[in-house]
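So the structure is just underneath, and the comments pick up after that.
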Amino acid sequence: MSEFENKIAIVTGGTGGLGQVIVNLFANEGMKIYVPVRSIEDFRSKFDNSMNDASTDFKLRKIYAFQCNAENEQDVIRFVDDVVKREKRIDYLVNTVGGYHPKKMIEEMDYELIDKMMNLNFKSTFLFCKNVLSGMAANNYGRITAIGAMPAIETTPGKFAYSISKSNVVNLIQTIAEEYKENNIMANVIIPSTIDTQANRASMPDADYTKWVSAEDIAKTILYLCSDSAKSFYGNVVRMY
């Protein structure tokens, strides 16, 4: 039996290019996965709307979705509460909600863009982390992983709003790791270069995809960080370029 059998995971951004790969890998390991979504129809189109049919594969039936705006605190509170009511615990949280902006120099940038990036990249991660921590601490167990970005740790002209939102994610995860290490909660952040997804290929058709990091490699790394073998990993910034 897999060590992940019947573990409970939340994967934010689970219908995105990277999120889908993570959800499917986790399901194949026997976990129950809960995905916050804006649209149940979009979720069904990505994961097979027959997953709750008893005649379908058991692993597929362990992927669930509740409507939730990850940038809205009350939505996140309700989502986490609903998962805990059903499962009594949350073992893993993977934060993949996020987005970036086209190149803009500081003189071209307005504060609205900074707010947008902060809400999408940082606030969504903060709200989910905040609301799973008390339950994880009470159970003396938890694994949290977030997706950062190269501009979070390397100065990148034209990406300031994106950069500060992702650097806040790194700071958040490292702070959680220090504050909760005595509660057996391990928090780590992955810093990928460009991820090879259909959306990124569509937006950069002339790029050299062989230099991009695969979503599968990132998903496998996150799975490892959730494993017993990684019980001493906390506060790490894992570069995947």
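The values are calculated or read from the model by the stated rules, or taken from the named source; none is laboratory data. None of the values given here were measured: they were computed from a predicted structure. Cβ placement follows ideal geometry from the backbone for every residue including glycine, while neighbour counts extend to all protein chains displayed.
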Quiz item: Quick one: would you say ASN200 is of a type outside the set (D, E, K, R) and within 16 Å of THR96 (Cβ to Cβ)?
Solution: yes
Quiz item: Is one or more of the residues making up segment 151-164 of a type outside the set (A, V, I, L, M), part of a loop (DSSP other than H, G, I, E, B) and farther than 26 Å from GLU108 by Cα?
Solution: no
Quiz item: Regarding ASP206, is this residue under 28 Å from LEU113 (Cα atoms) and of a type in the set (D, E, K, R)?
Solution: yes
Quiz prompt | Candidate set: segment 209-230, residues that are under 21 Å from LEU172 (Cβ atoms) and touching a residue at least 40 places away in the same chain (Cβ under 8 Å); chosen: the one surrounded by the fewest Cβ atoms within 10 Å (Cβ to Cβ) | solution = ALA230
Quiz item: What pairs can you find where one residue is in segment 183-208 and over 30 Å from ALA137 (Cα atoms), the other is in a loop (DSSP other than H, G, I, E, B) and of a type outside the set (A, V, I, L, M, F, W, C), and their Cβ atoms are less than 8 Å apart, with a gap of 6+ or different chains?
Solution: SER193/TYR241; THR197/GLY16; ALA199/GLY16; ASN200/THR194; MET204/THR194; ALA207/THR194
Quiz item: Which pairs have Cβ atoms under 6 Å, sit 6 or more apart or on different chains, and link a residue in segment 115-138 that is under 24 Å from ASN183 (Cα atoms) and modelled with pLDDT under 95 to one that is among the hydrophobic types (A, V, I, L, M, F, W, C) and crowded, with 21+ Cβ neighbours inside 10 Å?
Solution: none
Quiz item: Given the conditions (1) in contact with a Cys (Cβ under 7 Å, 6 or more places away or on another chain); (2) of a type outside the set (A, V, I, L, M, F, W, C); (3) surrounded by fewer than 21 Cβ atoms within 10 Å (Cβ to Cβ), which single one is not true for ARG143?
Solution: (3)
Self-check item: Considering residues of segment 209-229 that are outside any helix (DSSP H, G or I) and not hydroxyl-bearing (Ser, Thr, Tyr) only, the residue farthest from the chain's Cα centre (by Cα)
Solution: TRP212
Quiz item: Considering TYR180, TYR162, which residue is modelled with pLDDT of 95 or more, hydroxyl-bearing (Ser, Thr, Tyr) and over 20 Å from GLY98 (Cα atoms)?
Solution: TYR180
Quiz item: Filter segment 199-208 for residues that are part of a helix (DSSP H, G or I) and surrounded by fewer than 13 Cβ atoms within 10 Å (Cβ to Cβ); which is modelled with the highest pLDDT?
Solution: ALA202
Quiz prompt | In segment 60-83, the residues that are surrounded by fewer than 16 Cβ atoms within 10 Å (Cβ to Cβ), assigned to a helix (DSSP H, G or I) and in contact with a helix residue (DSSP H, G or I) (Cβ under 9 Å, 6 or more places away or on another chain) | solution = GLU73, ILE77, ASP81
Quiz item: Do we find that ALA149 is farther than 18 Å from GLN174 by Cβ and crowded, with 21+ Cβ neighbours inside 10 Å in this structure?
Solution: no
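Return the residues of segment 91-118 that are of a type in the set (Lys, Arg) and farther than 21 Å from CYS129 by Cβ; say none if nothing qualifies.
Applying the first criterion (of a type in the set (Lys, Arg)) to segment 91-118 yields 103-104, 116.
Within segment 91-118, LYS103, LYS104 meet the criteria.
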Quiz item: Within segment 84-114, restricting attention to residues that are touching a residue at least 24 places away in the same chain (Cβ under 8 Å) and of a type in the set (D, E, K, R), which residue is surrounded by the most Cβ atoms within 10 Å (Cβ to Cβ)?
Solution: ASP91
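Look through segment 1-55, keep the residues that are among the basic types (Lys, Arg) and outside any loop (DSSP other than H, G, I, E, B), and return whichever of them is modelled with the highest pLDDT.
By that ranking, first place goes to LYS32.
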Quiz prompt | Single residue of segment 177-198 satisfying the filter (assigned to a helix (DSSP H, G or I) and over 17 Å from the mean Cα position of the chain (by Cα)) that is surrounded by the most Cβ atoms within 10 Å (Cβ to Cβ) | solution = TYR180
